[in-house]
Structure formats: C-alpha cells, structure tokens
1. With r defined as the distance between the Cβ atoms of Ser75 and Glu103 and R0 fixed at 25 Å, what FRET efficiency is calculated, to the nearest 0.05?
2. What ranking do Asp52, Asp112, Asp57 get, fewest neighbouring Cβ atoms within 10 angstrom at the top?
3. Which residue, Ala104, Ala118, Pro89, has the largest displacement toward the positive end of the dipole of region 87-136 when charges sit on each Cβ (Lys, Arg +1; Asp, Glu -1)?
Amino acid sequence: MVVNSRDISERKRTEACIPAAFGEISTVLVDSLDYKATLANIARLAVPTLADFCFFDVVTADEKIQRIAWQHKDSEKQAWFAQVQHYLPQHQHPIAATLLTHEANYVPQVSDAWMQAAAGDAEELQFLRDLRFALW
C-alpha cells in the first residue's frame with residue numbers, strides 16, 4: 001500500500017477567494033466614472049488573489065502608451081515595483097503592438113528571448129528578469 005498525502009489547504013483557500021474577488025471587481029467597475037481610479041482599484045483587488053502583480057496601460061488619443069496603475073503583492077516590494085511606470089512599451093515592444101493594433105498576441109511562456117525583445121535597454125531587461133516572468 002502506498003499513501004501519498006499533500007496539504008492543499010492554501011490552494012483551496014485561494015480558490016475560494018476568486019469568486020469574491022470578481023464580485024469586488026464588478027462593484028468597482030460600476031462605482032466610479034474615473035477610469036484611472038477604477039483601474040487602480042482593480043489592480044489592488046486583483047493582487048494577490050488573482051495575480052502576484054498587475055499593471056494597466058492605456059493608449060491615449062495621440063497613440064501614446066500611458067501606464068496608469070500598478071500593484072505588487074509584496075508590500076515591501078511595492079516601491080521597487082513602482083519602477084514599472086518608467087518602462088513603458090515602445091512601438092517595437094510586443095505589448096505595444098497588441099495595444100496599438102488591437103490584435104491579440106498569446107504568449108504561452110515569457111522566455112528570456114521575449115524579455116530581450118521587449119526591453120528597451122539593459123536596465124529594463126534586468127527589471128523584467130527580476131520580476132521573474134520566466135517562472136510562469
């Protein structure tokens with residue numbers, strides 16, 4: 001007889017929180033006409049229940065990308081994560097292409113090659129690596 005046991009309590013607690021998080025996000029969506037405040041609240045609610053971190057970019061009328069909200073699950077890393085606002089996708093960036101063309105771009109795994117293509121410079125590449133995208 002072989003018995004294999006694993007404590008999945010944490011996973012079950014997380015799964016139980018997901019419907020509540022969507023309920024709160026739905027409330028936030030109808031609560032304010034200020035889209036910046038709404039997206040900041042959604043980022044705050046999504047992290048850490050649905051994601052480790054989150055940021056929202058919008059395309060302005062003159063087709064520039066503007067980052068308007070960001071959140072990290074670790075409050076001690078929030079100040080460090082605020083750097084994400086300095087790394088806006090440029091036209092050659094894969095995310096910029098999606099935002100500007102409105103065409104979906106599925107990336108099943110964020111590889112180092114993808115990060116190198118996305119990074120504007122060595123500093124941004126190191127920031128992306130520090131986010132640990134590769135662990136997804």
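Nothing in this text is a laboratory measurement; each read-out follows from the coordinates by a stated rule. For clarity, every value in this text was computed on a predicted model and none was experimentally measured. Quick reminder, even Gly has a Cβ in these numbers, built from the backbone with ideal geometry, and neighbours come from all protein chains shown.
1. FRET efficiency, Ser75 to Glu103: 0.10.
2. Ordered from fewest to most neighbouring Cβ atoms within 10 Å, Asp52, Asp112, Asp57 come out as Asp112, Asp52, Asp57.
3. Ala104
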